[in-house]
Amino acid sequence: MLTPQGLKGKQYRVTGNAYPRLGRPPKKSRKVIAALAALLALALIGLGGVQLYDIFRGKDRNASAQACAVPSGKPLAAPTAGVTPGAPAASGAPVDPHAVPQPSAVTVNVYNATTKAGLAGRTADELKKRGFTIGKVGNAPAELDKKVPGTAQVIAGPTGVAAGTLVGSQIAGASVTADARTDTSVDFVIGDSYNALLDETQAAAALALAIKPSPTPSATGSC
């Protein structure tokens, strides 16, 4: 039995199979539901964007790590007391410590590219005392005469890289370069800033540093 409001307590019996239809929810409720649905959609879109961003950022970090881990293939030469960086690895190959010859096996041509008379002879005598074999001694050729601003320029061929390293270690700041000669002789061209050879202890230290293997680049850390 139902007693609808406003019928003063009178009761009515509902019969049959038909039921009263429910009315549509109020407009205010529809707006709240729509707003919640919109917020949920925005949240899902934002979450998807963050995930995509992290994925691409992860790829960038992996690519950067691989770039740092892959060596360039070019040996890096550290500055030394007696040898200019990068040479006589002018040939591109690091010097094998076991390939460095004894001074007696190295023929050194000593040339004076300065205006100081007798400098080539005196330097040749000092090198001879250290066991080097002395070849030609005299003024520098025209292409180098008065054109060596540093202490010295040491020149060796592809087969004389180790010998050039040994000779270059005898003087601080020597520039060691390569040419196309086929023998193992070395040219020692005295420059304007030359004063004297390093003492033998300093020269030995410079040689050890010049032939020291370059450290392997780490796969971690920034580039």
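The values are calculated or read from the model by the stated rules, or taken from the named source; none is laboratory data. Computed from a predicted structure; not experimentally measured. Here the Cβ positions follow ideal geometry from the backbone for every residue, glycine too, while neighbour counts run over all protein chains shown. With ligands, DNA and RNA removed, areas are computed over all heavy atoms of the protein, side chains included. Shrake-Rupley method; radii C 1.70, N 1.55, O 1.52, S 1.80 Å.
Picking from Ala142, Ala204, Ala156, which residue would you name as being in contact with a Pro (Cβ under 6 Å, 6 or more places away or on another chain) and not polar (S, T, N, Q)?
Of the residues listed, the single one that is in contact with a Pro (Cβ under 6 Å, 6 or more places away or on another chain) and not polar (S, T, N, Q) is Ala156.
Looking at the range 185-206, which of its residues are hydroxyl-bearing (Ser, Thr, Tyr), in a loop (DSSP other than H, G, I, E, B) and more than 19 Å from Ala156 (Cα to Cα)?
Matches in the range 185-206: Ser193, Tyr194.
So which residues in the range 195-208 are touching a strand residue (DSSP E or B) at 6+ places or on another chain (Cβ under 9 Å) and open to solvent by less than 10 Å² (accessible area, probe 1.4 Å), if there are any at all?
Applying the first criterion (touching a strand residue (DSSP E or B) at 6+ places or on another chain (Cβ under 9 Å)) to the range 195-208 yields 206-207.
Once the filter is applied, which keeps residues that are touching a strand residue (DSSP E or B) at 6+ places or on another chain (Cβ under 9 Å) and open to solvent by less than 10 Å² (accessible area, probe 1.4 Å), the range 195-208 yields only Ala206.
Which of the residues that make up the range 150-162 are open to solvent by 80 Å² or more (accessible area, probe 1.4 Å) and among the hydroxyl-bearing types (Ser, Thr, Tyr)?
Just the residues of the range 150-162 that are open to solvent by 80 Å² or more (accessible area, probe 1.4 Å), to begin with: 158-159.
Residue satisfying the conditions is Thr159 alone.
Looking at this structure, is Lys147 closer than 25 Å to Gly118 by Cβ, in contact (Cβ under 8 Å) with a residue 24 or more places away in the chain and either crowded, with 20+ Cβ neighbours inside 10 Å or basic (Lys, Arg) (or both)? Explain how you work it out, then say what you get.
On the way: closer than 25 Å to Gly118 by Cβ: yes; in contact (Cβ under 8 Å) with a residue 24 or more places away in the chain: yes; either crowded, with 20+ Cβ neighbours inside 10 Å or basic (Lys, Arg) (or both): yes.
Spelling it out, Lys147 is indeed closer than 25 Å to Gly118 by Cβ, in contact (Cβ under 8 Å) with a residue 24 or more places away in the chain and either crowded, with 20+ Cβ neighbours inside 10 Å or basic (Lys, Arg) (or both).
Check the range 119-139 and report whether any residue there is at pLDDT below 95 and open to solvent by 90 Å² or more (accessible area, probe 1.4 Å).
To start, the set of residues in the range 119-139 that are at pLDDT below 95 comprises none.
No, there is no match, as no residue in the range 119-139 is at pLDDT below 95 and open to solvent by 90 Å² or more (accessible area, probe 1.4 Å).
All but one of (1) open to solvent by 30 Å² or more (accessible area, probe 1.4 Å); (2) in contact with a strand residue (DSSP E or B) (Cβ under 9 Å, 6 or more places away or on another chain); (3) without any contact (Cβ under 8 Å) to a residue 40 or more places away in the chain; (4) not in a helix (DSSP H, G or I) hold for Thr182; which doesn't?
(2)
From (1) at pLDDT below 95; (2) under 24 Å from Gln102 (Cβ atoms), pick out the condition that doesn't hold for Pro149.
(2)
To keep it simple, each residue is scored yes or no on (1) among the small types (Gly, Ala, Ser); (2) touching a Phe, Trp or Tyr at 6+ places or on another chain (Cβ under 7 Å); (3) at positive phi.
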residue: Gly131; (1), (2), (3): yes, no, yes
residue: Lys136; (1), (2), (3): no, no, no
residue: Val148; (1), (2), (3): no, no, no
residue: Pro158; (1), (2), (3): no, no, no
residue: Gly168; (1), (2), (3): yes, no, no
residue: Ala174; (1), (2), (3): yes, no, no
